[in-house]
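What follows is calculated from the coordinates using simple rules that are stated; it is not laboratory data. These figures come from a predicted structure and were not determined experimentally. Because the Cβ atoms are built from the backbone with ideal geometry, glycine has one as well, and the counts that use them run over all protein chains shown.
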Amino acid sequence: MISWKKSLILESMPILEAIRKIDVSSLQIALVVDENNILKGTITDGDIRRAILKGISLEDTVQKVMNSNPTTVQANADRDTILDQMKLKKLRQIPVIDEQGKVIGLEILDEMLSSRERDNWVVLMAGGMGTRLGKLTNECPKPLLKVGSKPILETILENFIAYGFRKFYFSVNYKAEMIEAYFGDGSKWGIQIKYIYETKRMGTAGALGLLPEQPDQALIIMNGDLLTKVNLAQLLNFHTEHTAKATMCVREYQFQVPFGVVQVQNHHLTRVEEKPMQKFFVNAGIYVLEPEVLKLIPTDLFYDMPTLFEQLISQQYQTAAFPIREYWLDVGQMSDFEKANGEYTEVFM
């Protein structure tokens, strides 16, 4: 059991330190306290990701993003009372305080219910030809290319397994027989793997129209050429907390304009900004969909995931953006492949 004391952080500290606390402790929360350990607020991973979306600097103090009125329990609260509070307010952690408001513990939902396997299906898109990698994929499908000591798709699979996922679909096309021969039915990893066979290009969402069964829980979809350390438990929690029908993981992308940018009104020069930095959120290739969303995907037709989200937005479905702040790399080109091999040991070992 991880000590809750590792989650304590002073209210004067920067948000970056809260991120470190959340990641190092694995408790998915930082408890904001003063010098006497009096609770001032809480910060969850979701709070930080919402702050990123709002453009708040990670150098700002935790006061800017913390929940200053968190739900707490006293030391004498029984298990049923705590679980009722968690269920009522959809909380996964509740600080325990004494009569003076000092933190003396932290109740964790997962620990109270004990660890359980996740029943959510995961679909890994592994049907692409990987033409941008040139001769590397002439004889080997991109998901089976080795980065570090193992194929890209195996690293992805093991990351999901570490978070309790046990049910997988691999969507395959190019050299599908090689992928199936390597992974089989998943018994080597103690999991279940089924296959969706694409006979033509289906796009990033079209293969979902070939699913032989309707899932009864949220479905996670991920491109099979991504290497990332994204916290999948926090992704599912974020999706649930925002009552989203579909969640898209996004990544901040920035570039510097190599010229001075001018603004003109009529013939007047109103502003000159020298080589400004532009920032955008881009699609990161990982999604969570509720089962009812699948009915919008056409059967046996090319259909991309951005098109699905555009349709959801136009029909006023609740959608969410989950910002990835962890390691993320799309192994799309030779330079990415070389970069992944150079960073693999440090990131994944």
Self-check item: Rounded D (µm²/s) - the stretch 4-113, Kirkwood Rh over Cα pairs, Stokes-Einstein at 10 °C, 1.306 mPa s
Solution: 113 µm²/s
Quiz item: Considering only Cα-Cα distances, which of the following residue pairs are longer than 27 Å: Lys5/Lys89; Lys188/Lys245; Lys87/Lys188; Lys135/Lys295; Lys90/Lys167?
Solution: Lys188/Lys245; Lys87/Lys188; Lys135/Lys295
Practice problem: Starting from the Cα-Cα distance between Lys135 and Asp98, subtract it from 0.36 nm times their residue separation and give me the gain in nm to one decimal. | Solution: 6.8 nm
Self-check item: For the stretch 194-208, 3J(HN,Hα) per residue [Karplus equation, 6.51 cos²θ - 1.76 cosθ + 1.60, θ = phi - 60°, Hz, x = Gly/Pro]
Solution: 10, 10, 10, 9, 8, 9, 7, 5, 10, x, 7, 10, x, 5, 5
Quiz prompt | Ranking of Val262, Val147, Val250, Val62 by count of other Cβ atoms within 10 Å, fewest first | solution = Val262, Val250, Val147, Val62
Practice problem: Extending each Cα 7 Å along its Cβ direction at Gln263 and Leu109, get the distance between those two points in nm, one decimal. | Solution: 4.4 nm
Self-check item: Net charge over other residues, Cβ less than 11 angstrom from the Cβ of Thr319 (K, R count +1; D, E count -1)
Solution: -1
Practice problem: Please turn the phi angles of the stretch 178-183 into ³J(HN,Hα) values with the Karplus equation 6.51 cos²θ - 1.76 cosθ + 1.60 (θ = phi - 60°), one per residue in order, whole Hz, x for glycine and proline. | Solution: 6, 5, 5, 5, 6, 9
Self-check item: the stretch 124-137 - phi-based ³J(HN,Hα) in whole Hz, Karplus 6.51/-1.76/1.60, Gly and Pro as x
Solution: 9, 7, 10, x, x, 8, x, 5, 5, 8, x, 5, 4, 9
Practice problem: Rank the residues Met202, Met277, Met125 as a footprinting-exposure proxy: fewest other Cβ atoms within 10 Å of their Cβ go first. | Solution: Met277, Met202, Met125
Quiz item: Once the dipole of the chain is set up with Lys and Arg at +1 and Asp and Glu at -1 on Cβ about the Cα centre, which of Gln318, Ser149, Gly134 lies farthest towards its positive end?
Solution: Gly134
Self-check item: Mean projection area, nm², convex hull over Cα of the chain
Solution: 22.4 nm²
Quiz item: Once Rh for the stretch 197-349 is found with the Kirkwood sum over Cα pairs, what is the Stokes-Einstein diffusion coefficient at 37 °C and 0.692 mPa s, in µm²/s?
Solution: 181 µm²/s
Quiz prompt | Interchain or long-range residues, amide H under 5 Å from Tyr169's placed H | solution = Val122, Val123, Leu124, Lys194
Quiz item: Any idea what angle helix 15-25 forms with the longest principal axis of the chain, computed on alpha-carbon atoms, 0 to 90 degrees, nearest 10?
Solution: 80 degrees
Practice problem: Would you be so kind as to identify which of Ile108, His268, Gln256 lies farthest towards the positive end of the dipole of the chain, taking Lys and Arg as +1 and Asp and Glu as -1 on Cβ and the Cα centre as origin? | Solution: His268
Quiz item: What aspartates and glutamates sit close enough to Lys200 to cross-link, taking a C-alpha to C-alpha distance under 16 Å and skipping anything fewer than 8 places away on the same chain?
Solution: Glu177, Asp300, Asp304
Self-check item: Full-stretch length increase - Thr270, Arg20 - with 0.36 nm per residue and alpha-carbon distance subtracted
Solution: 85.8 nm
Quiz prompt | Efficiency of FRET from Cβ geometry, Asp300 and Glu343, R₀ 35 Å, rounded to 0.05 | solution = 0.35
Practice problem: Determine the dipole magnitude for the chain: charges of +1 sit on the beta-carbon of Lys and Arg, -1 on that of Asp and Glu, nothing else is charged, the reference point is the Cα centre, and the result goes in debye to the nearest 20. | Solution: 460 debye
Quiz item: Along the charge dipole of the stretch 4-113, which of Gln63, Ala51, Ile97 sits closest to the positive end, that is, farthest toward it, with unit charges on the beta carbon of Lys, Arg, Asp and Glu (+1, +1, -1, -1)?
Solution: Ala51
Quiz item: Label Asp84 and Gln333 with points 7 Å out from Cα along Cα→Cβ: what is the distance between them in nm?
Solution: 5.9 nm
Quiz item: Non-local amide H neighbours of Val147 (under 5 Å, H modeled in plane, Pro and chain starts lacking H): which ones?
Solution: Ile152
Exercise. Return the whole-Å distance between the Cα centroid of the stretch 1-80 and the Cα centroid of the stretch 161-188.
Key: 38 Å
